[in-house]
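K.L.:
Pasting in a structure now, in structure tokens, and then I'll have a few things to ask.
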Amino acid sequence: MSKDVPRFSPDELRVVEELPGVVPGLPGTPVYDFPISQKEAVRRMYEKNPAWEIISMVDLEFTQFNPRIIPDNVARAFVYDAEVVPGVDNTHGGKDMFGIDWEFIPTAGGSMVRPGKPYIESVEELRTKVQWPDIDSWDWEGSRKANEKYFDPNKAVVTWFFTGWFERLISFMDFEGAAMALIDEDEKEIVMEFFDKLTDMYIHLVDRMLETFPEIDVFYIHDDWGSQRASFFSPATSEEVIVPYMKKLNDHIHAKGRFSHLHSCGHLMNQVENFIEAGWDAWDPQTMNDTYELYDKYGDKILVGIMLDQLFDPATASEEEQREAARRYVERFCDPEKPSMMSNYMMMQGYITPIFREELYIQSRQKYAG
């Protein structure tokens, strides 16, 4: 059993609130009469002492906080703070913290740097042409005042860094130039120098954010490494050129008493040992990855977002079929000695029905806490 976790009581199933569906058209999310706060439950998940099965990054346990003060959040059309205007904000791109223009693509619901016109033509320009942001000049005091009442004390607060190491290099050089720079013997030394300086900047940004918003619990950091079929580069390349800088940032986040969570798209089964070496607390694999195999091999070293492979049709499945799916999930993945988290892709694809959610909560509470 998990340590110091209250035992399950049926009284917990009393619904005290209902949140809107995470995606329009999905059922609302019931908030139970939890024995501890969702914030505490998230902390226990990352510490591998869970109270119930957490669904990664969804609104029940987490509050997304991507403040307007950080230019990347505006450029990537993903501002979440007290000032956001629904239907107006997050419908356009803009300049990121390095002054690079991102163009909003409505069909994709996100932004990208227009390819074909890279900001730098050669890797040596990373030393001479990159304009580093003056983070201290941003209006931190004003952002604090604007967001004073944004945070729910019952929920874990997660803030996103959208452009990690390889993705930042792509924003300057386009994909082909960035990929070649990682492996070219004459270029990768300059790339590593750039990544080291970039990491120092991210460390400073972490510090400024925590000074201004101590409510933050989790740093959710994006760095896509793969395609539908395979990773963009070998494990040896990433271990040499990127992992040391990831670890440097993660060590700092952990020293601040916070958690680091990786978002990296693509088929990356071959890179998981690097994710572990880099010190990530958790990773959300996309659905082309075998999360059963990942959990079996690495679940004791990193939290993996699990996709159930024997799914049901949410529109037609009987109550018993939905409850059986939840019981099957808990039996397979909710080991108190080797806990997991559920993939947010389960939510996005509509499988977290009210019935499935209730049974998942009951069974995981009992499995983790008795």
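The values are calculated or read from the model by the stated rules, or taken from the named source; none is laboratory data. If you're wondering where the values come from, they're calculated on a predicted model, not measured in any experiment. A quick note on method: Cβ atoms are made from the backbone with ideal geometry, for glycine too, and the neighbour counts reach across all protein chains shown. Heads up: the accessible areas ignore ligands, DNA and RNA and are worked out on the full protein's heavy atoms, side chains in. Shrake-Rupley method; radii C 1.70, N 1.55, O 1.52, S 1.80 Å.
K.L.:
Mind listing the long-range amide H neighbours of residue 31? Cut-off is under 5 Å, sequence gap 5 or more, other chains count too, H placed in the peptide plane at 1.01 Å from N.
P.N.:
Long-range HN contacts for residue 31: 16, 17, 18, 19.
K.L.:
Could you work out how far apart the two model spin labels at residue 247 and residue 204 are, taking each label as a point 7 Å from the Cα in the direction of the beta carbon, and quote it in nm?
P.N.:
In this crude spin-label approximation the distance works out to 2.5 nm.
K.L.:
Per the 1.4 Å probe, what fraction of the accessible area of the chain, in percent, lies on carbon and sulfur atoms?
P.N.:
50 percent
K.L.:
Name the GluC sites (Glu not before Pro) in segment 175-254 that are in a loop by DSSP and that have at most 10 other C-beta atoms within 10 Å, would you?
P.N.:
Within segment 175-254, the qualifying GluC sites (Glu not before Pro) (loop, at most 10 other Cβ atoms within 10 Å) are 185.
K.L.:
Separate question: Out of segment 271-352, which trypsin sites (Lys or Arg not before Pro) are coil in DSSP terms and have no more than 16 other C-beta atoms within 10 Å?
P.N.:
Listed in order of number, the matching sites are 301.
K.L.:
Quick check: the distance between the Cα centres of segment 234-301 and segment 1-69, to the nearest angstrom?
P.N.:
Comparing the Cα centres of segment 234-301 and segment 1-69, I get a distance of 24 Å.
K.L.:
For the chain, what is the mean residue ellipticity at 222 nm derived from helices alone (per DSSP H run of n ≥ 4: -39500 (n - 2.57); sum divided by total residues; nearest 500 deg cm²/dmol)?
P.N.:
-11500 deg cm²/dmol
K.L.:
What are the ³J(HN,Hα) values, in whole Hz, obtained from phi via the Karplus relation 6.51 cos²θ - 1.76 cosθ + 1.60 with θ = phi - 60°, for each residue of segment 184-200 in sequence order, with x given for Gly and Pro?
P.N.:
Per residue, the Karplus-derived 3J(HN,Hα) values read 6, 4, 7, 10, 5, 4, 5, 4, 5, 4, 5, 4, 5, 5, 4, 5, 4 Hz.
K.L.:
Please give the per residue accessible area of segment 1-117, computed with a probe of 1.4 Å over protein heavy atoms only, in Å².
P.N.:
Averaged over the residues of segment 1-117, the accessible area is 48 Å².
K.L.:
Right, something else. Along the Cα-to-C-beta direction of residue 36, a point sits 7 Å from the Cα; which residues of segment 337-352 have their amide N less than 15 Å from that point?
P.N.:
Counting only backbone N, you get 337, 339-340.
K.L.:
Measure up 3/367; 129/248; 3/48 against 19 Å on the Cα-Cα distance and list the ones that go over.
P.N.:
129/248
K.L.:
In square nanometres, what is the average projected area of the Cα convex hull of the chain?
P.N.:
Result: a mean projected hull area of 18.1 nm².
K.L.:
Mind giving me the nanometre distance, one decimal, between the label points for residue 197 and residue 14, set 7 Å out from Cα along Cα→Cβ?
P.N.:
Modelled inter-label distance: 5.9 nm.
K.L.:
While we're on this one: Quote the accessible area belonging to residue 52 in square angstrom, nearest 10, computed with a 1.4 Å probe and with ligands, DNA and RNA left uncounted.
P.N.:
Number for this one is 10 Å².
K.L.:
Of the listed peptides 71-77, 305-311, 219-225, what is their order by residue-averaged count of other C-beta atoms within 10 Å, with the highest listed first?
P.N.:
Ranked from most to least packed, the peptides come out as 71-77, 219-225, 305-311.
K.L.:
Now a separate question. Between residue 134 and residue 293, how many nm apart are label points set 7 Å from Cα along the C-beta direction?
P.N.:
My value for the distance between the label points is 5.1 nm.
K.L.:
So how tilted is helix 319-333 from the main axis of the chain? Cα-based, degrees 0 to 90, rounded to 10.
P.N.:
It is inclined by approximately 60 degrees.
K.L.:
Between residue 141 and residue 186, what length comes free when the chain is fully extended (0.36 nm per residue of separation minus the Cα-Cα distance, one decimal in nm)?
P.N.:
Fully extending the segment from residue 141 to residue 186 adds 11.8 nm.
K.L.:
Another one. Mind checking which lysines have their C-alpha under 19 Å from residue 247, skipping anything on the same chain fewer than 8 residues away?
P.N.:
The qualifying lysines are 188, 197, 256, 301.
K.L.:
Also, I was wondering about something else. When DSSP beta bridges are limited to those with both residues in the chain, what percentage is antiparallel, rounded to the nearest 5?
P.N.:
Bridges in the chain are about 40 percent antiparallel.
K.L.:
Let me ask something else about it. Taking only the alpha-carbon positions of segment 12-148 and ignoring solvent, what does the Debye formula give for the base-10 log of I(q)/I(0) at q = 0.09, 0.18, 0.21 Å⁻¹?
P.N.:
-0.43, -1.13, -1.25
K.L.:
Students often check this: by mean Cβ neighbours within 10 Å, which of 9-17, 103-111 ranks highest, and how do the rest follow?
P.N.:
With the highest mean Cβ count within 10 Å placed first, the list reads 103-111, 9-17.
K.L.:
Over the chain, with a Gaussian network built from C-alpha contacts below 10 Å, which listed residue (270, 344, 90) shows the highest mean-square fluctuation?
P.N.:
Judging by the Gaussian network model, the answer is 270.
K.L.:
Next question. Relative contact order for segment 1-117: what percent, with Cα pairs under 8 Å and sequence separation of 6 or more?
P.N.:
Answer for segment 1-117 is 15 percent.
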